[in-house]
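The values are calculated or read from the model by the stated rules, or taken from the named source; none is laboratory data. Please read these numbers as outputs of a predicted model, since none were measured by experiment. Don't worry about glycine lacking a Cβ; one is built from the backbone with ideal geometry, like all the others, and counts go over all protein chains shown.
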Amino acid sequence: MRPLLTACLLLLFLSGCSPRVLTGQSDARTLELNAATSVAAIQPTMYGIFFEDINFAADGGLYAEMVKNRSFEFTLPKTGWLEPQTDQFSLNARSGKSDVIKTGQDQANVNFLRVTVKGPDYVLINEGFRGMGVKVGAEYDLTFDAAVGDGSISEARFELIDTAGSVLGATSVKLSGSDWKEYSGTLKSGGTAAKARLRISFQGTGVVDLDMISLFPRDTWKGRKKGLRKDLVQLLDDMDPGFLRFPGGCIVEGRTLARRYQWKKTVGPVAEREYLVNRWNTEFNHRPTPDYYQSFGLGFFEYFQLAEDMGAEPLPILSCGMACQFNTGELVPLDELDPYVQDALDLIEFANGDVSTPWGKVRRDMGHPEPFNLKYIGVGNEQWGPEYIERYKVFNDAIKEAYPDIVIVSGSGPFPDGEFFEYGMEQLTALGAELVDEHYYRSPEWFRENATRYDNYDRSGPKIFAGEYAAQSVAIASPDNKNNWNTALSEAAYMTGMERNADLVVMTSYAPLMAHADAWQWTPDMIWFNNLESYGTANYYVQKLYANHAGTDLLTITEGGQPLTGQRELYASAVKDAGKNEIYLKVANTGTSPQRLTINIKGAKPGATVTVLTMASDDLEAVNSFTAPTKLSPAESTVALQRNQLDVEVPSHAFVVYKLKL
Ligand code: AHR
């Protein structure tokens, strides 16, 4: 052992100190937590989820369909389908061919595949969404539509194959009749693979038409047939979110008006939902994904159902007649806005209307006669300027006239300050807007420096929905951004400021939510997944800590009579949960030294044992990953409380939640 190291260790041993003391521990600071008075009610919607189909979050992600382009509706209609052949003389080419037959224009499901089989060696392969994830022993539900034409085709064989071509599971399905019929089968996988594919071959020769070739894991969220990916919904549900905002994001607006999100095309029978190219497919040159489409298998009914499953308020956001202003900025003239406004009114009927109403009946026919109890609706996503305000007014008047109790979410544009923001806020305040959506994608420093953002907001103006935010480790939308501890800790610090202002800030959500590790366009994202696994980032665990300890009543926490808002790198907020009779104290220490704290609790009698949930790392670049999915996640411990006084040491670079049982 080197002499210097030996000396240090000896010193440590003799002093009985921890290494942190030697690295410079700060003096103890005394805080006062006033538990006697509820300063404001914390809204149950305080911490929620923002969902957008970006990064393959829906098709290829949450929506568990494993076959890409199952009904041959992509612009290049054989995208995702392979007929292995090296040249025109290959065995496959000599054994058969497939052609997409188009039966119409601009409608749902107009294409099908005509397969001509000349010999037993013809195969057709679907590559899935960057492969298909299959697990040993798991079962997969196959369905497809087929109509047998001329010839002797009597059977289709479906095989799950791995990248080496080995068969992991298979099923054969007898075919008969020239009418379209739905067929089904089950494949059980004998192995685990993240990049399996589905291979189809035929018995006999001749012609067979195929459509809606679909494969789902049987083990979906709540066991629903053709449902959602269980591990991903579980991560969301574990947050206990207060609301679910859907379907975006810029996807609401579209790069052009024609490609905006139209909710009516996403409900009813799945096969009748019209495909749409995903607006994120070629948005970024650094991450082109031309094979990114929306099947809308995860459509508005499924979003409402998901919100209901999680006990979250549904918050749909609709186009206000403006295409994305970062793209074309196309505008619907004010006198042609009616169909857009009608979409909003009809959506409220779809969600809440009696089953005797036209849209209530659609909901009932989809299996949900009870209303979804919609309370909020968003008008536009990230619009700005007078064009937005003019359109917002039209929507506001029409919605309020028909549904005075529905809360309308309006937007303040893409930035948290500057010309667009100032103008939007001023106008919306003047118009008496109820709830304004703010977006901020800023540096970690910005988050730490802006924890006081809401302290001086006008309390007579609109309530605030921090609808999209995330600290960017490099720059906004840079492909090099990481979900590292620096970003998560900075968000944790900032969120104390949201919580301290819970009388004003009533909804908050991190964005974007999810990313496929092989098919993303935007980073950072809260949850990462591949075809087999998923993990929450450090940012996810920060969000979860807040959401799981949202409380019902805001308390004050002060130092020397002043709110703690980041002075000397210490941030804090405190809430009480009246139902659970618990107090949650959240503290973020963004400093490089541990911080000893004495917290005096006034106006309540907590039990002697306090649960401590700690996220800490001096490696600010640290990240979670598929191999270390919980590296940055809360560690649980306890600390004793004596005579209403809590003496603790908050580690350096740490976010800690103290749970006090009353
Ligand atoms: O979250 C990604 C994008 O960022 C959203 O779609 C948009 O609203 C914002 O610009």
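Tabulated results
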| item | result |
| --- | --- |
| Residue tally, condition surrounded by fewer than 20 Cβ atoms within 10 Å (Cβ to Cβ), in contact with a Leu (Cβ under 9 Å, 6 or more places away or on another chain) and assigned to a loop (DSSP other than H, G, I, E, B), over the stretch 301-331 | 2 |
| Residue check, T508 touching a Ser or Thr at 6+ places or on another chain (Cβ under 8 Å) and of a type in the set (S, T, N, Q) | no |
| Checklist (1) surrounded by fewer than 13 Cβ atoms within 10 Å (Cβ to Cβ); (2) among the small types (G, A, S); (3) touching a residue at least 24 places away in the same chain (Cβ under 8 Å) applied to A402, failing item | (1) |
| Scan of the stretch 355-378 for residues that are loosely packed, with under 13 Cβ neighbours inside 10 Å and over 26 Å from V436 (Cβ atoms), ordered by number | S356, P358, G367, P369, E370 |
| Counted residues, the stretch 168-190 - those being in a loop (DSSP other than H, G, I, E, B) and under 32 Å from the mean Cα position of the chain (by Cα) | 2 |
| Total residues in the stretch 504-535, condition closer than 30 Å to T452 by Cβ and touching a Lys or Arg at 6+ places or on another chain (Cβ under 7 Å) | 4 |
| Residue in the stretch 512-531 that is in contact with a strand residue (DSSP E or B) (Cβ under 7 Å, 6 or more places away or on another chain) and within 25 Å of Q567 (Cβ to Cβ) present | no |
| Residues (among the polar types (S, T, N, Q) and touching a helix residue (DSSP H, G or I) at 6+ places or on another chain (Cβ under 6 Å)) located in the stretch 242-268 | T266 |
| Some residue of the stretch 465-472 being surrounded by fewer than 21 Cβ atoms within 10 Å (Cβ to Cβ) and in contact (Cβ under 8 Å) with a residue 12 or more places away in the chain | no |
| Matching strands (runs of 3 or more DSSP E) fully within the stretch 49-134 where at least 2 residues are among the basic types (K, R) | 96-102 |
| Qualifying residue in the stretch 263-274 (condition: within 15 Å of the ligand (Cβ to nearest atom) and crowded, with 21+ Cβ neighbours inside 10 Å) | no |
| Subset of the stretch 281-300 [assigned to a strand (DSSP E or B) and polar (S, T, N, Q)] | Q294 |
| Residue check, Y441 within 13 Å of the ligand (Cβ to nearest atom), surrounded by 15 or more Cβ atoms within 10 Å (Cβ to Cβ) and aromatic (F, W, Y) | yes |
| Of the criteria (1) of a type outside the set (D, E); (2) within 19 Å of E582 (Cβ to Cβ); (3) over 24 Å from the mean Cα position of the chain (by Cα), which one F655 fails | (3) |
| Every pair of residues 6+ apart whose Cβ atoms lie under 7 Å, when the first sits in the stretch 620-631 and is of a type outside the set (S, T, Y) while the second is exposed (fewer than 15 other Cβ atoms within 10 Å of the Cβ) | N624/T630; F626/E533 |
| Unmet requirement for I408, which otherwise passes all of (1) within 16 Å of the ligand (Cβ to nearest atom); (2) in a strand (DSSP E or B) | (1) |
| Scope the stretch 508-526; condition in contact with a Phe, Trp or Tyr (Cβ under 8 Å, 6 or more places away or on another chain) and under 20 Å from Y440 (Cβ atoms); matching residues | T508, S509, Y510, A511, P512, L513, M514, A515, Q521, W522, M526 |
| Qualifying positions in the stretch 148-167 - charged (D, E, K, R) and assigned to a strand (DSSP E or B) | D150, E155, R157, E159 |
| Filter result (part of a loop (DSSP other than H, G, I, E, B), touching a residue at least 40 places away in the same chain (Cβ under 8 Å) and away from the ligand (no atom under 16 Å from the Cβ)) within the stretch 209-258 | R218, D219, K225, K226, G227, D238, M239, D240, P241, G242 |
| Residue match in the stretch 477-490 (condition: over 23 Å from T630 (Cα atoms), surrounded by fewer than 23 Cβ atoms within 10 Å (Cβ to Cβ) and more than 15 Å from the ligand (Cβ to nearest atom)) | no |
| Complete set of residues in the stretch 150-209 that are crowded, with 16+ Cβ neighbours inside 10 Å, closer than 15 Å to V136 by Cβ and among the polar types (S, T, N, Q) | S189 |
| Residues satisfying the stated conditions in the stretch 349-396, i.e. under 30 Å from T328 (Cα atoms) and either β-branched (V, I, T) or outside the structural domain of G432 (by TED's automatic domain parsing) (or both) | I377, V379, I389, V394 |
| Selection from the stretch 430-451 of residues that are of a type outside the set (D, E, K, R) and assigned to a helix (DSSP H, G or I) | A430, P444, W446, F447 |
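Every residue, every condition in (1) within 13 Å of the ligand (Cβ to nearest atom); (2) part of a loop (DSSP other than H, G, I, E, B); (3) in contact with a helix residue (DSSP H, G or I) (Cβ under 9 Å, 6 or more places away or on another chain); (4) modelled with pLDDT of 95 or more, yes or no:
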{"residue": "Q427", "(1), (2), (3), (4)": "no, no, yes, yes"}
{"residue": "S460", "(1), (2), (3), (4)": "no, yes, yes, yes"}
{"residue": "I464", "(1), (2), (3), (4)": "no, no, yes, yes"}
{"residue": "A470", "(1), (2), (3), (4)": "yes, no, yes, yes"}
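For every residue, the table says whether it meets (1) under 18 Å from D240 (Cβ atoms); (2) hydrophobic (A, V, I, L, M, F, W, C); (3) assigned to a strand (DSSP E or B); (4) in contact (Cβ under 8 Å) with a residue 12 or more places away in the chain.
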| site | (1), (2), (3), (4) |
| --- | --- |
| A519 | no, yes, no, yes |
| L532 | no, yes, no, yes |
| Y535 | no, no, yes, yes |
| Y540 | yes, no, no, yes |
| K544 | yes, no, no, yes |
| L554 | no, yes, yes, yes |
| R568 | no, no, no, yes |
| A572 | no, yes, yes, yes |
| K605 | no, no, no, yes |
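To keep it simple, each residue is scored yes or no on (1) more than 30 Å from I583 (Cα to Cα); (2) in contact (Cβ under 8 Å) with a residue 40 or more places away in the chain; (3) touching a Gly at 6+ places or on another chain (Cβ under 9 Å).
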site	(1), (2), (3)
A28	no, yes, no
E32	no, yes, yes
A40	no, yes, no
Q43	no, yes, yes
Y47	no, yes, yes
A58	yes, yes, yes
A64	yes, yes, yes
E73	yes, yes, no
